[in-house]
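Structure first, commentary second.
The values are calculated or read from the model by the stated rules, or taken from the named source; none is laboratory data. Predicted, not measured: the structure shown is a model, and the values here were computed from it. Quick reminder, even Gly has a Cβ in these numbers, built from the backbone with ideal geometry, and neighbours come from all protein chains shown. Note: accessible area is taken over every heavy atom of the protein model, side chains too, but ligands, DNA and RNA are not part of it. Shrake-Rupley method; radii C 1.70, N 1.55, O 1.52, S 1.80 Å.
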Amino acid sequence: MKYAKLLKCIRKIPGKLRNFNIFSAYGKIGFVFVLLMVLTGIISVLFMGEAHKIPSGASLEAPGLIHPLGTDDLGIDILAQILHGAFVSIQVGFFSAMLAGIGGSTLGILAGYCGGWTDKLIMGICDVMMVIPQLPLMIVLGAFFGPSLRNIILVIVILSWSRPARIARARVLSMRQEGYIIAAKSYGAGFRHLAVKHFIPGILPIILVSIIRLISKAIRAEAGLTFLGLGDPTSKSWGVILNRSINFSGIYYTDYWKWWVMSPLTVLILLVLSISFIARDMELLFHNKGDKL
Amino acid sequence: MKSETKGTAVTIGKNVAVIFLLLLSMILGLVGCTNRPSESGEIISGDAAGNENATAEEPVIIRLAGEDVGLPNPFRHTAGGAGVSKATLLYDTLLEKDENQDIPWLAKRWEMNEDGTSFTFFLHENALWHDGEPLTAEDVVFTFNYYKEHPPVSNSLTDGKKYIVTDTKAIDDHTVEITLNSYNNTYLSKIGSVLILPKHIWENVDDPTTFDGNGATVGSGPYKMEIYNPEQGAYRFVAFEQYYGLQPAVAAIEWVPVSDEVLAFDNEEIDLVMPTADLVSRYKESDEYIVEEVPAYRNSYRLMMNMETVPELCAVDLRKAIAYAVNRQEIIEKIGRGVGLISSMGYVPSSSPWYNSDIEQYDYNPEKAKALLEGRTYSFTLLTDNSAKSTKMAELIKISLDEVGIDVTVESVESKARDNALKTGTYELLLTHAGGMGGDPDYLRGIYGEKSTTIKGWSNERVNELAKAQAIERDETNRKEMLFELQKIIADEVPMVMLYSTVTYFVYRPEKYDGWMMIRYDHNQRCDFYKLSYVVRN
């Protein structure tokens, strides 16, 4: 029964979301689009097999019935690549945001609760991570670890845990002063008890918002890194498609950019925008009602 | 009160209009700047003349896309065509190459002794260095001795590790005798392509690779250097008026920095462009341009197989299977955008008079590849550089090899890392693009022969023997037979899979300049690299 409150709290979140009307119009559009992307990503992996890898038409066919978004220079269907890319993007977004969010907030709670040198150490690293210019470091790390999906997730996590850590620490610091924590402590509650019963339920809403933000950041970072050629060159993420198309020499003097550059760019922008809308709505929601959660 | 508000509204409206107009004019001004070719040219040259279309009186200045290829003297230019070609405009050679053969250049004529180991060159009497000193036989003697101690970047004077010139002596002021260590069919071309140095400048230089003092670019060529700006990759060469030979065709040649060559060409900032196949149709329709299509026989993409570290590749059937499984026509269609030539598996390109057409052609045949593999499957890593073209080609190769049961993992690295792997042999399969296929087929000896370092872990007795024999065979028919047999063995053995050679398009405005020489007999690749493109030919 120790985890009852935590479970209750987690159970409450979908309950809140069950009422779709709490989202604004933008939020709803965003939500639908993200859902669509997740679904298409899953469909592509389950049913479309190797379509994103194997040429199925002539080079650079214009959009038509068989290839709704045309083909690239190798004759591979662009729609299939984009659907597969959606899966890659969402995978990267989800895993890196989760890892960074959970890892960061754990460190934040530790720092806030323990204080002293633990706090100084963690916050020191945090400050360093925040001060370092992220893009150059990301490029260096990406080049250092070598091109693969796992490494890209790793690089993004290394660069994004500091924000949730700071948020969690700040929240824990203020919670420590609350009467019920002091009371629980005086009854002999240990760190584990406090964390599970009080801290985590308390910071969950704000961390959730921050995780959603991280998803959108991670998707952008992944596209950016692969665009710069630091991803697996044969994978079909959106960044790779963009990199290929933009490096096609003289593409703007031809018609090819209309489908080859625009399609990955459009879905990338739409997905990042949708996630931002959701994050904004969630923030408003939890900001107003977070205390009661 | 009412009229006052109206008055304010009008003023605000006026202000907005003024600001809008100002912004508009600024934007238009910016656009105007990029469209005016003369301005970008002026920054580098400081010379306003020659931007407009040439008339009879106005001196012509050719502008080309620039990049930094080092100080253009024999020791400081970068390796590769762009660097070598700049040095050859400044420095003369004994012979020059035209469409068909070696032609007299600094040497008016030459004689060979009976066994072909000694050549006598008769130099032009009125040749001058750019600083006004006369060029004599002493300079030529000095050059050949100096290169022995200080090899130039583009060194044609060593074979294996031996210096091919044993003795050089000046018979009189304008006659030189050069003695070689042995006879070889390519040696005359080799000594003929050596850049001659001025003795009075270099005799005091101990370390030519660091020398950039006075006279570091003084040669005897048709052009002399006026400006070199390494940061911008900009050069300006001007015609050398006292030149003894074929006269410089233009007043100056400028290499200017450009970001997008097609855009720069359209804006008349440069005078020659090499567009991709997709863009050529834009120029073909207009009379203003001439479009030339030049097959780059001289180089080819290759798939290297390391037989030293991967013992499986020693089996000739596997190598043949790879050669049959790779769809080279598809690579040309998709990577070359429909233009390119399938390379001969016997290495010597089909345009060469030495090409043997009666060898295995390895047309795309996955069934045959599967039959050769007899159901065995393999797994290799294919190393490539990270350029878009190479990674895409690697992807196509992966797809075709997967089909016959050879699983390929593509790994892309910096091109320098790839080159290093090629050199040290730390790869399994490797995709590379290399030249050296023009001119005399003696190159087969360097690549497949005994001392070869190109192909790892492969050697063939008969190939070594033939490669050695053809180099010293003076009878052309016999030599041809040897070379034909060589190509046949090489094609049957497939030590590396030859993929395809590219086709280059050149577009220029004939009204501005049309002296470009498109093909040189050793099948070099680019008309802007040939000296004869810049002189008046009879």
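Look at residue B:467 and say whether it is closer than 25 Å to residue B:335 by Cβ, assigned to a helix (DSSP H, G or I) and of a type in the set (Gly, Ala, Ser).
When the stated conditions are applied, residue B:467 does not pass them.
Does the range B:48-67 include one or more residues that are touching a Gly at 6+ places or on another chain (Cβ under 7 Å), at pLDDT below 95, among the small types (Gly, Ala, Ser) and open to solvent by 10 Å² or more (accessible area, probe 1.4 Å)?
Scanning the range B:48-67 turns up at least one residue that is touching a Gly at 6+ places or on another chain (Cβ under 7 Å), at pLDDT below 95, among the small types (Gly, Ala, Ser) and open to solvent by 10 Å² or more (accessible area, probe 1.4 Å).
Please give the helices (runs of 4 or more DSSP H) falling wholly within the range A:168-229 in which 1 or more residues are among the basic types (Lys, Arg) and over 30 Å from residue A:136 (Cβ atoms).
Per the criteria, A:179-186, A:191-194.
Determine if the range B:370-387 includes at least one residue that is in a helix (DSSP H, G or I), away from every other protein chain (no Cβ under 14 Å) and either aromatic (Phe, Trp, Tyr) or crowded, with 19+ Cβ neighbours inside 10 Å (or both).
Scanning the range B:370-387, I find at least one residue that is in a helix (DSSP H, G or I), away from every other protein chain (no Cβ under 14 Å) and either aromatic (Phe, Trp, Tyr) or crowded, with 19+ Cβ neighbours inside 10 Å (or both), so the answer is yes.
Could you tell me how many of the residues in the range B:409-421 are more than 10 Å from chain A (Cβ to nearest Cβ) and among the acidic types (Asp, Glu)? Outline the logic, then answer.
Here is the first cut: in the range B:409-421, the ones more than 10 Å from chain A (Cβ to nearest Cβ) are B:415-421.
Subsequent filtering for residues that are among the acidic types (Asp, Glu) retains B:419.
Count: 1.
When you check residue B:362 against the structure, is it at positive phi and touching a helix residue (DSSP H, G or I) at 6+ places or on another chain (Cβ under 8 Å), yes or no?
So residue B:362 fits the description; yes.
Check off (1) part of a strand (DSSP E or B); (2) open to solvent by less than 30 Å² (accessible area, probe 1.4 Å); (3) at pLDDT below 95 for residue B:184 and give me the number that stays unchecked.
Exception for residue B:184: condition (1).
Just wondering, is there one or more residues in the range A:139-146 that are touching a residue at least 24 places away in the same chain (Cβ under 8 Å), on the phi < 0 side of the Ramachandran plot and touching a Phe, Trp or Tyr at 6+ places or on another chain (Cβ under 6 Å)? Quick ask: steps written out before the conclusion?
At the first step, the residues of the range A:139-146 found to be touching a residue at least 24 places away in the same chain (Cβ under 8 Å) are A:139, A:142-143.
Those left that are additionally on the phi < 0 side of the Ramachandran plot: A:139, A:142-143.
Cutting the leftovers down to touching a Phe, Trp or Tyr at 6+ places or on another chain (Cβ under 6 Å) gives us none.
No, the range A:139-146 contains no residue that is touching a residue at least 24 places away in the same chain (Cβ under 8 Å), on the phi < 0 side of the Ramachandran plot and touching a Phe, Trp or Tyr at 6+ places or on another chain (Cβ under 6 Å).
Working only within the range B:388-408, note down all residues that are more than 9 Å from every other protein chain (Cβ to nearest Cβ) and touching a Lys or Arg at 6+ places or on another chain (Cβ under 8 Å).
Across the range B:388-408, the qualifying residues are B:404, B:405, B:408.
Which of the numbered conditions does residue A:151 fail, given that it passes all the others? Conditions: (1) assigned to a helix (DSSP H, G or I); (2) over 18 Å from the mean Cα position of the chain (by Cα); (3) over 14 Å from residue A:210 (Cβ atoms).
Residue A:151 satisfies all of (1) assigned to a helix (DSSP H, G or I); (2) over 18 Å from the mean Cα position of the chain (by Cα); (3) over 14 Å from residue A:210 (Cβ atoms) except (2).
Quick grid of which residues meet (1) open to solvent by 10 Å² or more (accessible area, probe 1.4 Å); (2) within 14 Å of chain B (Cβ to nearest Cβ); (3) not in a loop (DSSP other than H, G, I, E, B):
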{"residue": "A:69", "(1), (2), (3)": "yes, no, no"}
{"residue": "A:73", "(1), (2), (3)": "no, yes, no"}
{"residue": "A:80", "(1), (2), (3)": "no, no, yes"}
{"residue": "A:90", "(1), (2), (3)": "yes, no, yes"}
{"residue": "A:93", "(1), (2), (3)": "no, no, yes"}
{"residue": "A:98", "(1), (2), (3)": "yes, no, yes"}
{"residue": "A:101", "(1), (2), (3)": "no, no, yes"}
{"residue": "A:106", "(1), (2), (3)": "yes, no, yes"}
{"residue": "A:118", "(1), (2), (3)": "yes, no, yes"}
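With the requirement that a residue be part of a loop (DSSP other than H, G, I, E, B) and within 19 Å of residue B:374 (Cβ to Cβ), what does the range B:285-325 give you?
If we filter the range B:285-325 for residues that are part of a loop (DSSP other than H, G, I, E, B), which is where we start, we get B:285-289, B:296-299, B:306-310, B:315.
Hits for the range B:285-325 are B:310, B:315.
Has the range B:458-474 got any residue that is out of contact with any Gly (no Cβ under 8 Å at 6 or more places or on another chain) and closer than 30 Å to residue A:54 by Cα? Please lay out each step first, then the result.
Keep residues of the range B:458-474 that are out of contact with any Gly (no Cβ under 8 Å at 6 or more places or on another chain), which gives B:458-462, B:465-466, B:469-473.
From what's left, closer than 30 Å to residue A:54 by Cα: none.
Within the range B:458-474, none of the residues are out of contact with any Gly (no Cβ under 8 Å at 6 or more places or on another chain) and closer than 30 Å to residue A:54 by Cα.
Being in a loop (DSSP other than H, G, I, E, B) and within 21 Å of residue B:264 (Cβ to Cβ) is the filter here, so list the residues in the range B:487-538 that pass it.
Those that are in a loop (DSSP other than H, G, I, E, B) and within 21 Å of residue B:264 (Cβ to Cβ): B:509, B:510, B:511, B:512, B:513, B:514, B:515, B:516, B:525, B:526.
More than 14 Å from every other protein chain (Cβ to nearest Cβ), closer than 19 Å to residue A:236 by Cα, of a type outside the set (D, E, K, R) and loosely packed, with under 12 Cβ neighbours inside 10 Å: which single residue out of A:35, A:46, A:39 fits that description?
Result of the check over A:35, A:46, A:39: A:46.
Could you pull out the residue among B:348, B:339 that is surrounded by 19 or more Cβ atoms within 10 Å (Cβ to Cβ) and within 16 Å of residue B:300 (Cα to Cα)?
B:348
Can you tell me which residue in the range A:222-266 is surrounded by the fewest Cβ atoms within 10 Å (Cβ to Cβ), limited to those that are in contact with a Phe, Trp or Tyr (Cβ under 7 Å, 6 or more places away or on another chain) and more than 10 Å from chain B (Cβ to nearest Cβ)?
Checked the range A:222-266; the qualifying residue surrounded by the fewest Cβ atoms within 10 Å (Cβ to Cβ) is A:242.
So residue B:424 passes all but one of these: (1) within 19 Å of residue B:307 (Cβ to Cβ); (2) within 10 Å of chain A (Cβ to nearest Cβ); (3) open to solvent by 50 Å² or more (accessible area, probe 1.4 Å). Which condition number does it fail?
(2)
Restricting to the range B:324-345, name every residue that is within 13 Å of chain A (Cβ to nearest Cβ) and either farther than 15 Å from residue B:276 by Cα or of a type in the set (Val, Ile, Thr) (or both).
B:327, B:329, B:330, B:331, B:332, B:335, B:339
Restricting attention to the range B:442-455, report how many residues are within 14 Å of residue B:354 (Cα to Cα) and surrounded by fewer than 23 Cβ atoms within 10 Å (Cβ to Cβ).
Matching residues across the range B:442-455 total 2.
Name the one entry in A:203, A:278 that is under 14 Å from residue A:109 (Cα atoms) and away from chain B (no Cβ under 14 Å).
Details: A:278 fails: under 14 Å from residue A:109 (Cα atoms).
Being under 14 Å from residue A:109 (Cα atoms) and away from chain B (no Cβ under 14 Å) holds for just one of A:203, A:278, which is A:203.
Just to be sure before I move on: is residue A:85 surrounded by 14 or more Cβ atoms within 10 Å (Cβ to Cβ), in contact (Cβ under 8 Å) with a residue 60 or more places away in the chain, more than 26 Å from residue A:234 (Cα to Cα) and away from chain B (no Cβ under 14 Å) in the structure I sent?
Considered against the rule, which asks whether it is surrounded by 14 or more Cβ atoms within 10 Å (Cβ to Cβ), in contact (Cβ under 8 Å) with a residue 60 or more places away in the chain, more than 26 Å from residue A:234 (Cα to Cα) and away from chain B (no Cβ under 14 Å), residue A:85 comes out as no.
Would you check if there is a residue in the range B:416-425 being of a type in the set (D, E, K, R) and either closer than 28 Å to residue B:353 by Cβ or touching a residue at least 40 places away in the same chain (Cβ under 8 Å) (or both)?
No, there is no match, as no residue in the range B:416-425 is of a type in the set (D, E, K, R) and either closer than 28 Å to residue B:353 by Cβ or touching a residue at least 40 places away in the same chain (Cβ under 8 Å) (or both).
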